Structure formats: structure tokens, C-alpha cells
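One structure is given here, and the rest of the page talks about it.
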Amino acid sequence: MSWDFFVPVYVGDLVKTGGINQYVVQDVVSPKHLPSSLSRFKAALRSQGPVCILEHFDTGYSVLQHYNSVDLAVKEDALELLIQVVSGLSTSLPALLVSTTLSAAERKEKLNAVKMSVFLLCKLTESLESESYRQSIVTAPGKSGKKGKSSEGLQQWDSERETVLQALVQLLQLDIRSLWNLSLVEEEFISCVSCCCYKLLENPTIGHVKSKPTRDSIIHLLGLLIKKYNHLLGASVKVIQLLQHFEQLSSVFAQAVSVWSTEYGMRAIIGEVIREIGQKSSEELAREGSGVKSFATFLSELGTLVPELMIPYISVLITHLEGESHSMRVAVCEVLGEILVRVLCGDGLDETGKADRDRFFDTLQEHLHDTHSHVRARVLQVYTRIVNSKALPLTKYSEVMELAVGRLMDKSINAVKSAIQLLAAFIAHNPYSCKLSSADLKKPLEKETAKLREMKEKLGGQRPVAVIKASELWAAMEPELLVTVRTELEPTGDAEEEQHEDEEDGDVEEEEAEDPRATAVKIAQYLRVNKYRNAVKLCIRAHSSFPESEMFSSLSTLTSGNLMDTLALIFKGSDEDASEVSQNLPPTPQKEGEKEADGELKKQEMLVQYLKDTETFALQVERAISVINTMLYWKTTSVVQEAVQFCVTVCEFSVANSVSGVRRMLPLVWSTDAAIKDAVVQAYRRLYLNPQGDTVRVKAQTLVDSLSELIVDASLGTIQCLEEIVQEFFSSSSSLQSTVIQVLWERFTGKRETSGLNKRAAVLLLGMAARAEREVVLSNLDTLCSVALGEKVTEDFLLARDTVITICSITDHVRQSKSAPFRLPQDHQLFTCLTQAIAEGVVMEDPYWQSFMEQAVRLVYFLAESPDQLCSRLLQRSARLLLDQIAEGGEVNRDVGQTQDGSQESSEQGEQVSCVCLAQLLALCGCVAFWQVSHLERSVSAELRRRRGETEEREEKEKGPGSKAKQAANESTMEEELGLIGASAEDTEAELIRKICETELLAEENLLSAFLPLLVRVCSSPGRYSHPQLTTAACLALSQYMMISPSACEENIRLMFTVLERSALPVVRANAIIALGDLTVRFPNILEPWTQNLYARLSDEVPSVRQTAVTVLTQLVLKDVLKVKGQVSEVAVLLIDPEPHITSLALNFFNELAAKDNAIYNLLPDIISRLSDPERGMSSEDFNTIMKQLFSYITKERQTESLVEKLCQRFRTAKTERQWCDLAMSLSLLSMCERGFKRLQECWECYSDKLTEPGVYQPLLSITAKLRRGAKPQFKGQVDEFEKRLTAVHTRGLENVESPEMDEENQKAGSSTEKTAMRTPLPTRGRQKSKRGQSKASVSSQGDDSFVTPRKTRKSKKPVITFSSDEDEDEEDAVMAESETPKVTTPIARTSRRARLRN
């Protein structure tokens, strides 16, 4: 074979004349003859094998050349043949590659076959892929069921694609590099295969699950090219390019790079790709189409797959944390998180690993304060994953926890949700304690801290001083000692020797007479005190004195080395000997005690530190709870759901105050949002209705215990909300129901010993169960009466009250039944027990009797037949018992025959009656009066309607078929008549009930009327009847009497408002507000003139009264019972109330009021006027706080524009500088728009003369600063010009603004008319004066300044105005006299001024 095949860059290059021995296509077969050529190709393949490609290459090339014009069958046949050729080569080549006898010709032949077959297969694959993609775009999916050849071919290509890739993988897995000279594979061959792979990756469906086999084959094929064929650099560049243009490839390439780096061992590919991404500048990433999102996703997923391989290159990525792309910052933070979770975790890290870990944590903490909310949220999520994986070091817990609590205040909803999730993870995986309560930890911490302090004090005196070893001292002194030894051993002059001997004689005389050991000790002492010369001299003399001593025997030959060894032995030997001896001796009890004490001290220090960390963590959790509890009522559903889940988590870990959050979320069961309601119900099921236990009985007891704990000391509202959840439990088919009810009855009846609180909780839970099944209570009424309402009822009125509430659950009022009313006869045991308990309680002084009485009277009217008669007898009996109590005291002067007389007697002998008992009797009277009215208007009225409906139905049934036909003939007429009759009947019934209330309830023969004079007397004589309980009960009862009829209300309304304003008792004033609110709803016309008195209580000195007042007024205003007027300014003042709860109520009032169209917008000017009134004396800080909140509700441009004008006009009527400042501050709080700014310019005359005041100038200046942000250049120029005018007038005064400024402005406005300079105040500059009819100066031709009344404080000379048309006239003609100044300012030339502004 004389030619070589070179893989071309372009397919068309093969038909061109090539170089020497280069293969060129000779015969391009026409499309018409291609099928026959392919048949010959197929036959040759069968006979010759894959080498036939050398002869039939032109046929395959012709298919590529005529690709667009040949049939699909031809393409499929060609593809199949090429796959067979490549597969055949994969089968035949292994034997040849290992052969040592392969000739050059055979090698060239096989090489050409490989290159030709791979080239044709790759190019045909690319063409088929392009066609497939084009047709998938053009063909609409889901159309008619008919499928053409093309669509069938596409489906076949989807299956053939993987076959092609497998064939290429099998071939390239062989070591075919040996076919090339020097095993250097040409770049064009590698590019041919890799480009085919990258072309397949561009398919949008490559990331789908169904494409996984194809995706894996491409990844492995590219892995072979990278590992065996030096494609690493090309692959890294191509990855970056494709990521930039195809977002769907992020996950694919992340998987590919991880496979290449792990399975193929090419870790360098990660470094190349990350380096390329790291070199991208912020400007590049900011450009559209930069692929920043793809890069970010790629990095995140790669970090998830191979975090350990990314650590060496993390420094390249961290540079993106300073860039502007928030997506890249998120990706880098997620990579850091994965590294911290899976690599840099645990206790086995070395110092470098710990340093990297701490550095990465510091980086993540910095980005908890990132400028972009998405980054903050994702970093919080990263921390959540770290905490859930238990990869956060203990030293970081407190710091990260504090940051997470701070993120709860984030403006971003996603960041807040992520912070809540992180805090929940902290609690669920905390390493401290299963129960977190700072209150419980405080005492143990104090106790252990005191114990630690005692241990330190005890060991302080016993702790030995640190001892330095002799060997360490010797090492320090050895150099200097060696110098001294050498100096002593050197020969010196006789005179010097004698001198030295004389000096040393005194020092060494004593030592000569001692034993060797004492001499050695003396030498060691000299060495310790740095007397080296004395030690050396003594050592030399000791050898001559004790020649037999082993210690000095080495000095027989006196050298510096021997002398140093002897000195070292003397100095170190004694300590070492002592230490050896001490080691051989058994440890003394004293030393053992010291070691034990040190160990105990360390343990105690660790315990104290643990308790401190636990307390800090618990305090942070409690702080988070207080913040998250407020989020339960946010408007964002997802935040509320997260807050609910957090409350459940903290409750499960028994964190202090966790039950408060659980109770706080309970009212959300009434939420209109189904998701929130479901979250709360599921939370309560998880906490209370899914008990753990081995048996049904144990589970039932656990459930009852948990629910009882929740009900104990719960408010009435909490119990009502809990009813909804418990009722749902009893309504469901749970296997626990019967057992739970049995446990509840056992607790209530006392079969099992239990506390009074648990008894009450049990009976309330039975009432909740009765809502789902009435028989639970109805069949056990006798038990309820005997246990709670029997002889011992006076011992526990709270249990009796809760029992009455439970019995109420079986009444029609609670169950809302439409059938015949369910009532019990008057002589039923229940009513006997109730009336007796109420009557006996009147003469007792029990603080809980009144709450029981109110519920009992309510039950009587709900459940008894003729409850009015029953209550009449009850009042008689109670009054008689009270009179009997007086008679027993011997203070009665006459017999009491009738109840009316008894009432008068009781009032006359008031000083002998117990005030508490009289208060209870009056409370009973008021309660009966209230429920009597309610009974008439609800029960009696409903029963009349029901009976009327039954009568009408019965009459219709009695009519025969003939009447029905007649009715059909006159259907419309009958409907009208029936409608009128029905309306008339309802009016008649309502009128009947009104008449009864007006004439009968307070008639003289009615028992209720007998107590009215007494109520009026007690309320009108606070000095005589000063007992708090009596006054409170009398006022409340009087208000209930006033509900009966308009006449009763009118007669006593003045007295009630007198009590409201003058009563010294806050509780009386608060009750009066509530009562008057109810009266306002019932008799609005009577109460309307007294509205101002109701608003006055908003400024009451007692917080509880203010709170009640704002609550009542909120209900009246929002229900449109009261008209919203200027008095709402009193509610606005509560926005700065010192009590946070009152502030939140006021804020809620305005939030609800803002939902009404233009309500706050209409009220704002009036509120500003009232609050800025000098007589009120409100500080500017408080005014600004209130206005900032109110102006936040103004969001419409039209409202802003109108308010600008209204507020500017009020500058004219404002009298004080403080009012000017308040108006200017109000203007600055508006969200100023372009139209509002133009209106501000138009109203220049209103405030221009006030600009010298800083309090006016600064707020207006802040408006220009806000407007300048993001403004268009043209509008920005107008803002700058306006700011110049403000500054000019502020600094120089309105009169001193020079005219050249005006001329410049006129020129800018485009005025072509010649202007002569004139001296005039600033507001008139730029005004164009009409020349028509202007022959001389006139008053009307002057500026607006002439119509502004001069300020009295100014005594400056009036400005002289010179006109070009009348220079000869006197200057005085242009000055307006004082008497001519109008009282109302009128802007002039408004039209021309607007035109100038538009220009």
C-alpha cells in the first residue's frame, strides 16, 4: 500500500489533490447508485472483513457527501456497515498488536483501516445527530398518531446511538497507538472522535434519565481519549466552552470530570477546569451568555461528587467570593460546605487540616452577611447540612448559633426560613443535653462553679514550685564553664599564680578537711550560683586531697575534657541519683493525693465549662424562640410553616418557654390558609395525639396527660382553639377513642387519684369529645351532677364551672342543630343542683363563684324549658338568702314579705350587708338580664321561625293536586305574595320581641326592675359604695340592663360615661369601655354623640384601660360601626406607647385600616395637624416615629402627588416653626415619585420663605437625595437644579437670591425673548411675563412675592423692582402698600410656570 490516509479537518478536503502519498477520494458515487454500492460494500465486508473499508471508503464518503439527498434507509445501511467494520477491527486487532512479526505494510494497512472507519462513523454519527435534533424541534409532540419514516428513523437512531459509542469504546480501549510511528497519535484523529462525543452532548435530552446509557458511554469514551491519547488539555477547554453555551451540561460534566479523575486517575483535569473557571473575571461573568449559572451548578455538583479532590484548587475558586456574581459565591460556599462535611471533619485531622477547616468556616461565616439575599440563604442551608452531619466543631457552636439568630431579622424571606431550619437543626443535634432550659442549668452551674473555686483555693497553697532539671541547667552553663576550665588549665606567670592562690586560699581551706561527698556538694553549690572559677579550683584540689575517691579518680590526667566530665558528674549525678532512688521507692500517700487532686480539678473544670456552654446555648435558643414565636402570624405561608415546625422541635426537646410557642400557634387552626391550618393540626397530632406506649391503655394515659398539661391554666381562647383539634381526633376512627374516654371518666370521678387541675382538664376534654358524639356526656349527666354539682359543689366552683361548660357542648346553640330544640324539663336534677349552687354561693365569698354563675345561667337559658321562670325563682331565692344572712345578724327592723321590699330593705340597710355578697347578687341580676335578652332574640326568635316554616310546609302538603296546578298557573304572583307574607311575618316576630324587651322586661311586675334602682344608686354614689368588687359588679350589671331596650340605655347613658371618665378603679373603666362598645353596636344612634368620650380613654394613664380601649375601638371601626374621623390620631399616638402590647394593637389597627380603600390617605392631613398642634406638646422624635409608620401605607403615586400638594398648602396656615418642621418631615417620608416632585416644585411659594429654618431645609434636601438614586439624566438635572434653589434660599435668604441665577434659568428654559435683569425674590425667577398690553409697570406684573404677607420679624428694606419698559417712573410705584396686601395668597402665572417646568 503506497498511500496514507490523513484525517481531514473538513470532509470536503478529501476530494482535493493532497500531498505525496496522501489518499484522495477518486469516485464520489451518485445518490442513485449508492444502494448498489452499499450492497457491494456489504458483500466485501463478508468476504474480506473490515479491511474492505480500504476499497469501499469512497462509498461511505459518498453517503456523507450526499447526506441531505439520500434516503433514510441508505443512511441506516451505511451506519450499520460502519459499525460492523469498527467492531471487526476491535476483534481482529488485538492479535496483531501483540504480534512481533507485524510488517510495516500490514501496520500501515491496519492504521488506514482504523482511521478511515472511525472517520466515516464519527462524521455520519454527527450528521444523524444534527438531523435528529432538527426534526425534534420541527415535529410537534403529541399530534396525530400517524408516524412517517422520519419519526421511525429518529426512534431507531436513539437506540443506535449507544451502539455506535460502544463500538468506538471497544476499539479505543485497545493499544492502537502502536500503529502510529513512535506511538504518536495524530491530533486530527483524536479531534474526530472527541468532536463526535461533544456533538452528542449538545443534545438537550442528554441529561434525562432515559439518556443515561448514552451519557455514560460518552463519558467513558472521552475518558479513554484523556488517559491514552493526550486529550486532557483539549477536554478541559471544551468543557468550559460547552458549559458556557449549554446550561443542561452542568450535571453531565460534573459527573464526567468526577469519573475521569477517579476511575481513569486523571486528577489533573479537575485542576485544569477549575483553573479556567477561576481565571474568569467579574466583568466576563457579568456579560450575558457568560454561562455563570452553568459554572456555578457545575462547581456545586462537582463538590458533591469529589470534594476531596477540590481542596488543592480551592484557593483559585475563593477569588470568586469577592466577585459580583452571586451564583458563583453560592457555588464556592457550597463546595466549602461539602469539603467540611465529608473531608475536613472528625477528630483525626492534622494541624494543616484543622487550619484549613477553621479558615473555611471563617469564610462561610463572612458570607452569612453577604449583600445578596440568595447567598445568605444558601450559606445558612450549608450550615444546616453541616450541623445535621455533626461536622461543626464545638468551639463554633455558640458563634454560629448567634449569627443564625441574627439572620431571623433578615429582610429576605428565604434567608429567614433557612435560619429557622438551621436553628431547628442545632436543637435536634445539639451535643449538650436532651433538655435545654437556662433556668434549670443556672443552679447546677453556680453550685459547680463554687465547688471549683473551693478546690482551686484548697490546692493553691499546696501546689509545688516548678523545678528545672539539673541536666537543663548544665546545658545552659556548659559553654561558659568550658571557657573557665580552659583558662584555669593554661600556664600563667608566677606572680599571677601566687595572687590567685592567695585569693582562693580563704575559700578552699575548709573544704580540704571534709570528705569527698561534702566537697562534691560544695562544688555543685558553686556551680549553681555561677562561681565557676571556685568550683574548678576546688575540683582540682579535691583530686589531690582524695586520690582514692571514684568521683575524682578521672582527674589523674588533668585535661579540660576530664575536668568537664567530672564537674558534669558532680552537678547532674546527685539529682539523677535522687530521682532514681525516688523512682525505686513506693509512691507516698501525699504525692498520690496531689495527683488525684489534680485529676479531680481538671474534671471539675471540664464540667463547669460544659455547663457554661450548655447555658449559653440554651439562652440563645430561648432568644430564638421569642423571635420565631412572633413569626407565627406573618403573612408569608412558608415562614409560618417553618415557625410551626420549629416550635414542635423545641417542644420535643423541653426547651424553656417552648410551650408558649405551641400555645401561640393554636389559634392558627382557624386560619383561612389551608396549608397553615394543616401544619398546625399535624404539629399537635405529632406532639399530643400520637402517644408512644406498649399497650392501648398506656397510649391513652399518655395522650390524656399531654393534653391535660396543655389545658391546665390555659386561657378560654386557647381552650376554644384546642377544641377544634381534639374534636377532629374524636371524629376520626381512632382505636384510642374509647380507651381515652374511659381514662377521662376515671380521672373525673376520682377512681384514680389525681389532682383538682387534672380533674378539670378531664371534664373539659370530655366536653370536647361530646362535640363529636353527644352521648359521651348526655348519657352521664347524673355522674356529672353528682361529682361536680352535688353537695361538695361549694368546695370547688372551678370544677363546677368546667363541668357546666362541658354540659353546654350538648346544647343546640353549640351544635347548631336545625331540628326541634333539645331542652330538659325544669325539674331535672341538673337545674336543681345549679340553682342551689348559685343561690348558696351568693352569700359566700368565693372568688370563683362568679365565673361559675355566669356559665350556669348561660346553661340554664340554653338547656332548660322556660328558663325565665327558673331564673326568676333563682333571683328570689338568692335575695331571700341574703336577707336571711342580714336577719341572722339581728339588724333587721321589719319583716320582709315580698322580694321587692326585700330589695329595698337591702339597699337601705346597705351598711350591714356584706359588700361581696351584695356584689354577687347584683352580678347575678345583670347576668340574668343579659341572657334573658339573648334568649328572646336568639332562641325564641329561631323557634318562631322554625315553627312558621313547619306550618308553611304542612299547609303545602295539605293542598291537593288541583291546587298545585293552580299554583303553577299563578306562580309569579304567588311567589311575590309568599315573599311579602314571609317578610311581614319576620318583621312581626322581630317587633314582638322588641316590644317585650321595651315594655315587659323592666315593667314593675317583672322581678328584674326591682334591682335597677339599686344598681343606679351604687353606680352614682362611688363615695358611699367604694368597695371595688361592688362597684365593678354594679357597673357591669347596669350596662347589661342597658342592653335590654333603647329607653333603658338613654336613661342611664350619661351615668355610664360619668363612670367611664371619673371612676378611680381601672377595672371599672375597662369594663365600661367594653360595655359601651357593645351598646354602640346595639344602639348606634344613641351612642354616636358620645364617640369623643370613647376615644378619650385612649390616653388613660393606666395601660390596661388603654389596651381595652384600643381593642374595642378597633372592632368598632373595622366593622364600620363607628365612622373613621380625626379622633384616629389618638390611636396613632399609641404607636409610641411604652407598653409593647398596646403598640402592637395600634399597629394592627392601622394595618387593618389600610386594607380599606384610601382610609389612611384621607385621614393623614388631619392626623398631622392634630399631632403637630403645639398644645399637645409631642416631641419631634415621637412625631417622626408615628409618621414613618403611617406614610408606609401610602403606596400609590396619585395619593403621593395629592398629599404633596395638601401638605405644602398647610405651610401657609402653620403658625410655629415646629409645625413647619413637622410638615417638612412628613414630606420627606413620602415615597416621592416624579409627578410628586413636580407638584413639590409648583408649590414652591408655600414653603420657600421657611427654608431658612434647618428643620425645614434638611428634610426637603433629603427628598432630593432619594430622588437622585436611579434617576434618568434629564430628571436628575431637574432634581439638581431644585437642590441648588433650596440651598441658595437657605444660605442667603429669600430676598437675597441674586437675579443672574434667574437669568441663567430663563436661558435654559429656552426663552427667546430678551429679558432685562431685575431684582426680585427667588420664587418669581423664570416666570415668563406676557408682553401683550404691557406699557408700564402694574401691580399684576409683579412676582408672587407681592402677594405673600411679609413676616413681622423682618425689617429689611423692601426690594426695588426695575422694569425695562418704565425706567423713568418712580421706584415707589412698584411697591405695594401694606393695606393692599391680600389676606389670602394667590399664585400668579401658574400656567406659564408649569410650561417652564415641562420645558
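Just one of the listed residues (1157, 1182, 1173) is among the acidic types (Asp, Glu) and in a helix (DSSP H, G or I), namely 1182. Might you check whether a residue that is outside any helix (DSSP H, G or I), of a type in the set (Ser, Thr, Tyr) and out of contact with any His (no Cβ under 8 Å at 6 or more places or on another chain) occurs anywhere in segment 685-695? Looking through segment 685-695, at least one residue is outside any helix (DSSP H, G or I), of a type in the set (Ser, Thr, Tyr) and out of contact with any His (no Cβ under 8 Å at 6 or more places or on another chain). Is it fair to say residue 1037 is in contact (Cβ under 8 Å) with a residue 60 or more places away in the chain, surrounded by 14 or more Cβ atoms within 10 Å (Cβ to Cβ) and in contact with a Phe, Trp or Tyr (Cβ under 9 Å, 6 or more places away or on another chain)? Yes; evaluated as a whole, the condition is true for this residue.
When segment 84-130 is limited to residues that are assigned to a loop (DSSP other than H, G, I, E, B) and of a type in the set (S, T, N, Q), the one that is most open to solvent (accessible area, probe 1.4 Å) turns out to be 100. Summed over segment 263-292, the residues that are under 19 Å from residue 238 (Cβ atoms) and assigned to a helix (DSSP H, G or I) give a count of 13.
Against the conditions (1) assigned to a loop (DSSP other than H, G, I, E, B); (2) of a type outside the set (Phe, Trp, Tyr); (3) open to solvent by 30 Å² or more (accessible area, probe 1.4 Å); (4) closer than 26 Å to residue 855 by Cα, residue 753 satisfies every one except (4).
Filtering segment 219-252 to residues that are open to solvent by less than 20 Å² (accessible area, probe 1.4 Å), under 20 Å from residue 294 (Cα atoms) and over 41 Å from the mean Cα position of the chain (by Cα) leaves 219, 235, 236.
Among the residues of segment 541-568, the one identified as closer than 16 Å to residue 486 by Cβ, in a helix (DSSP H, G or I) and open to solvent by 50 Å² or more (accessible area, probe 1.4 Å) is 565. Can you tell me which residues in segment 1154-1163 are surrounded by 14 or more Cβ atoms within 10 Å (Cβ to Cβ) and touching a residue at least 40 places away in the same chain (Cβ under 8 Å)? If the condition is that a residue be surrounded by 14 or more Cβ atoms within 10 Å (Cβ to Cβ) and touching a residue at least 40 places away in the same chain (Cβ under 8 Å), then 1161 is the only one that fits.
Would you confirm whether or not segment 44-58 contains a residue that is touching a residue at least 24 places away in the same chain (Cβ under 8 Å) and on the phi > 0 side of the Ramachandran plot? So far as segment 44-58 goes, yes, one or more of its residues are touching a residue at least 24 places away in the same chain (Cβ under 8 Å) and on the phi > 0 side of the Ramachandran plot. Restricting attention to segment 622-638, does a residue exist that is surrounded by 16 or more Cβ atoms within 10 Å (Cβ to Cβ) and part of a loop (DSSP other than H, G, I, E, B)? No, because not a single residue in segment 622-638 is surrounded by 16 or more Cβ atoms within 10 Å (Cβ to Cβ) and part of a loop (DSSP other than H, G, I, E, B). Within segment 1138-1153, not a single residue is open to solvent by less than 30 Å² (accessible area, probe 1.4 Å) and either part of a loop (DSSP other than H, G, I, E, B) or touching a residue at least 60 places away in the same chain (Cβ under 8 Å) (or both). Taken as a whole, the structure places residue 380 among residues that are open to solvent by less than 50 Å² (accessible area, probe 1.4 Å) and in a helix (DSSP H, G or I). Of the residues 700, 675, the single one that is modelled with pLDDT of 85 or more, exposed (fewer than 14 other Cβ atoms within 10 Å of the Cβ) and either β-branched (Val, Ile, Thr) or outside any loop (DSSP other than H, G, I, E, B) (or both) is 675. Out of 864, 879, 856, 887, one residue alone is among the aliphatic types (A, V, I, L, M), without any contact (Cβ under 8 Å) to a residue 60 or more places away in the chain and surrounded by fewer than 16 Cβ atoms within 10 Å (Cβ to Cβ). It is 887.
Kindly indicate whether residue 823 is more than 53 Å from the chain's Cα centre (by Cα) and open to solvent by 10 Å² or more (accessible area, probe 1.4 Å). Considered against the rule, which asks whether it is more than 53 Å from the chain's Cα centre (by Cα) and open to solvent by 10 Å² or more (accessible area, probe 1.4 Å), residue 823 comes out as no. Annotation: residue 60 fulfils all but one of (1) out of contact with any Leu (no Cβ under 8 Å at 6 or more places or on another chain); (2) within 17 Å of residue 125 (Cβ to Cβ); the unmet one is (1). Among residues of segment 167-195 that are more than 22 Å from residue 214 (Cα to Cα), those with a beta-carbon under 7 Å from a residue that is polar (S, T, N, Q) at least six positions away or on a different chain give the pairs 177/183. Residue 1217: closer than 16 Å to residue 1168 by Cα and without any contact (Cβ under 8 Å) to a residue 40 or more places away in the chain, yes or no? Yes; evaluated as a whole, the condition is true for this residue. For segment 1099-1130, a residue qualifies if it is more than 21 Å from residue 1071 (Cβ to Cβ) and small (Gly, Ala, Ser), and the qualifying residues are 1126, 1129. Summed over segment 735-749, the residues that are out of contact with any helix residue (DSSP H, G or I) (no Cβ under 7 Å at 6 or more places or on another chain) and open to solvent by 40 Å² or more (accessible area, probe 1.4 Å) give a count of 2. Annotation note: of 51, 9, 63, 25, the sole residue that is part of a loop (DSSP other than H, G, I, E, B) and open to solvent by less than 50 Å² (accessible area, probe 1.4 Å) is 25.
Within segment 1259-1284, being open to solvent by less than 10 Å² (accessible area, probe 1.4 Å) and more than 41 Å from the chain's Cα centre (by Cα) holds for one residue alone: 1282.
On inspection, residue 259 passes the criterion of being open to solvent by less than 40 Å² (accessible area, probe 1.4 Å), aliphatic (A, V, I, L, M) and under 19 Å from residue 212 (Cα atoms). Being open to solvent by 10 Å² or more (accessible area, probe 1.4 Å) and assigned to a helix (DSSP H, G or I) is the filter here, so list the residues in segment 639-662 that pass it. 641, 642, 645, 649, 651, 652, 659, 660 - these are the residues of segment 639-662 that are open to solvent by 10 Å² or more (accessible area, probe 1.4 Å) and assigned to a helix (DSSP H, G or I). Against the list (1) within 34 Å of the chain's Cα centre (by Cα); (2) at pLDDT 90 or above, the condition residue 1180 fails is (2).
Set side by side, the residues 770, 761, 837 differ, and just one is part of a helix (DSSP H, G or I), modelled with pLDDT of 90 or more and surrounded by 20 or more Cβ atoms within 10 Å (Cβ to Cβ), which is 837.
The values are calculated or read from the model by the stated rules, or taken from the named source; none is laboratory data. This one's a predicted model, so the numbers in the text were calculated from it and none came from an experiment. Every residue, glycine as well, gets a Cβ built from its backbone with ideal geometry; the counts of neighbours run over all protein chains shown. Ligands, DNA and RNA are stripped out before the accessible areas are found, and what is left, the full protein with its side chains, is counted by its heavy atoms. Shrake-Rupley method; radii C 1.70, N 1.55, O 1.52, S 1.80 Å.
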